[in-house]
Amino acid sequence: MNYIDLHAHMISRTTTDYHQMALTGCLAVTEPAFWSGRDRLGAQAFADYFDHLTTFEPERARQYGIDHYCWLCLNPKEGEDRELARQVLALIPDFLSRPNVLGIGEIGLNRVTRNELATFLDHVELALEHNQPIHIHTPHLEDKYKGTKVIVEALAADPRIDPARVMIDHAEEHTAPLILEHGFWTGFTLYPRTKASPARALDMIEMYGPERICVASACDWGESDPLAIPEFILAARRRGHMEALIEQLVYANPAQFLSQSPKFRTPNLAQRPVQITEPVQNAEPVAQD
């Protein structure tokens, strides 16, 4: 079955991963900006990173017939540094016109501090100013509900925000209802430790239905699986779910959300030659969600 991985940090994966994803039906990935494994030393490091996401990575994906898109931001883990945030936010508009940039993300909260919230709201303002969709990271583990509630309430208080243009990712059993009730899209992240297994994701889908829900791997340099969506498809089939429902979750829903950006092209399998240009070296793992 063909699928779109709406959240995959391919800068931290090897070309072997692209190969395996292509073999299992991946037609497109979107890569949110994220933490590099340590705090970056300055704004120029972000400029280099954004350039990588918009030049090298799309070419690497194209060798395997996969469309690569990205989102740009200063990641929540670095949002505490307000001066760095101002410098990075000033850089982003120059990259928004690049052909594979879909919007602002993954913004959000990490420790749910005042500075992080201020940086989050600055990113939201930038997205509104440039009419960009938004991809949001919610905190891990014990801060999950608190951070998600702060994010949802902040967005709901701004009448300029269309919830249909916002993806609030990494939802779990105690946060999914809050997100969906406010009209936002949400993502169930198929990550083995801090997020949701395929079984838990299916439990939540059976509870809340498939509308405005996507699944994604969020694969990065940590313990993660670039083939998490094929594993989810297999788990859904074993439970007896219809192919139409599975396809909605792994292909139609992400395509519907992403198509709100005029740059996103719904993958057409009949028009997808693999374009080999020149060899691209394997990228060593460098970052974490």
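The values are calculated or read from the model by the stated rules, or taken from the named source; none is laboratory data. Because the structure is predicted, anything quoted here is derived from the model rather than measured. As a convention, Cβ positions derive from the backbone with ideal geometry for all residues, glycine included, and neighbour counts pool all protein chains shown. Remember, those area values only see protein heavy atoms, side chains included, never the ligands or the DNA or RNA. Shrake-Rupley method; radii C 1.70, N 1.55, O 1.52, S 1.80 Å.
Return the carbon/sulfur percentage of the accessible area of the chain, one whole number, probe 1.4 Å, all protein chains in place.
Numbers: 6230 of 12050 Å².
Of the solvent-accessible surface of the chain, carbon and sulfur hold 52 percent.
So, with +1 on the Cβ of K and R and -1 on the Cβ of D and E, and no other charges, what is the size of the charge dipole of the range 40-163 about its Cα centre, to the nearest 20 debye? Please report the intermediate quantities before stating the final value.
Values: 13 positive and 20 negative charges, 44 e Å.
Computed charge dipole of the range 40-163: roughly 220 debye.
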For a test of the definition: using alpha carbon positions, the gyration tensor, and the 1.5 limit on a/c, classify the range 96-224 as rounded, prolate or oblate. rounded
Mean accessible surface per residue for the chain, computed with a 1.4 Å probe while every protein chain stays in place, in Å²: 42
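Just want to confirm a number: the relative contact order over the range 49-202, from Cα pairs under 8 angstrom separated by 6+ residues, in percent.
On the way: 238 pairs, mean separation 25.4, N = 154.
Relative contact order, the range 49-202: 16 percent.
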Could you give P(r) for the range 147-206, binned at 10 Å from zero, as whole percent values over all Cα-Cα pairs? 23, 52, 22, 4
Can you show me the helix-derived [θ] at 222 nm for the chain, built from DSSP H runs with n ≥ 4 at -39,500 (n - 2.57) apiece and divided by the number of residues, rounded to the nearest 500. -10500 deg cm²/dmol
Compute the semi-axes of the equivalent ellipsoid of the chain, taking the square root of 5 times each eigenvalue of the Cα gyration tensor, and list them largest first in whole Å. 26, 24, 17
Under 25 Å from the Cα of Lys77, which lysines turn up, not counting those fewer than eight places away in the same chain? Lys144, Lys146, Lys149, Lys195
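Roughly speaking, what is the stretch gain from His19 to Ala118, that is 0.36 nm per residue apart minus the C-alpha to C-alpha distance, in nm to one decimal?
Working: separation 99, 0.36 × 99 = 35.64 nm, distance 4.00 nm.
The span from His19 to Ala118 would gain 31.6 nm if fully extended.
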Student exercise, the chain dipole from Lys, Arg, Asp, Glu Cβ charges, in Debye to nearest 20: 380
Size of the dipole of the range 1-96 about the Cα centre, Lys and Arg at +1 and Asp and Glu at -1 on the beta carbon, nothing else charged, in debye to 20? 120
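Taking the highest mean first, how do the peptides 86-93, 167-174 order by number of other beta carbon atoms within 10 angstrom per residue? It would help to have the intermediate numbers written out before the result.
Working: 86-93: 17.0, 167-174: 22.4.
Highest mean packing first, the order is 167-174, 86-93.
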Would you be so kind as to identify which of Ala157, Cys214, Ala171 lies farthest towards the positive end of the dipole of the chain, taking Lys and Arg as +1 and Asp and Glu as -1 on Cβ and the Cα centre as origin? Cys214
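What are the trypsin sites (Lys or Arg not before Pro) within the range 1-42 that DSSP puts in a loop, where the Cβ has at most 16 other Cβ atoms within 10 Å?
Details: sites: Arg13, Arg38, Arg40; in loops: Arg13, Arg38, Arg40.
Sparse-neighbourhood loop trypsin sites (Lys or Arg not before Pro): Arg38.
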If N is the number of residues in the range 24-165, what value comes out of its Cα radius of gyration divided by 2.2 N^0.38 Å? 1.04
Return the loop-located trypsin sites (Lys or Arg not before Pro) in the range 164-262 (DSSP other than H, G, I, E, B) with at most 15 other Cβ atoms within 10 Å of their own Cβ; answer none if there are none. Arg193, Arg239
